[in-house]
Amino acid sequence: MTFTFLSVGELVERFSCRPGLAYVGIKTWAKDTQEAADIFFSIGEQIGFEPLDKVEIFSTDPVEPPKDEPYGYDINFTPYDEQDIE
């Protein structure tokens, strides 16, 4: 599981979140934390968000089965306003 604060731009069609600040949670299948981070940044470039803070990676039990290549799934955005975190 990967989690971070980010800036959401124009997301691709199958994802929704207002533009601006948000949290994101992404589950990944990866061989190690570096590969999970690489997947996270790649997904951001592909669907339209950019991390603003450190990326936190947690090792959790999988929900989806492995595939031939590492991948991300169950991507969830939670928008917030700057004053919400003060």
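FYI, it's all coordinate maths here, none of it is from the lab. The model shown is predicted, which means the values in this text are computed figures rather than measured ones. So basically every Cβ, Gly included, is an ideal-geometry build from the backbone, and we count neighbours across all protein chains shown.
Side notes on the structure shown:
- Test for Glu50: is it more than 15 Å from Val8 (Cβ to Cβ) and either in contact (Cβ under 8 Å) with a residue 12 or more places away in the chain or of a type in the set (Lys, Arg) (or both): no
- Given (1) out of contact with any helix residue (DSSP H, G or I) (no Cβ under 9 Å at 6 or more places or on another chain); (2) free of Cβ contacts under 8 Å to residues at least 60 places away in the same chain, index of the condition Ser16 fails: (2)
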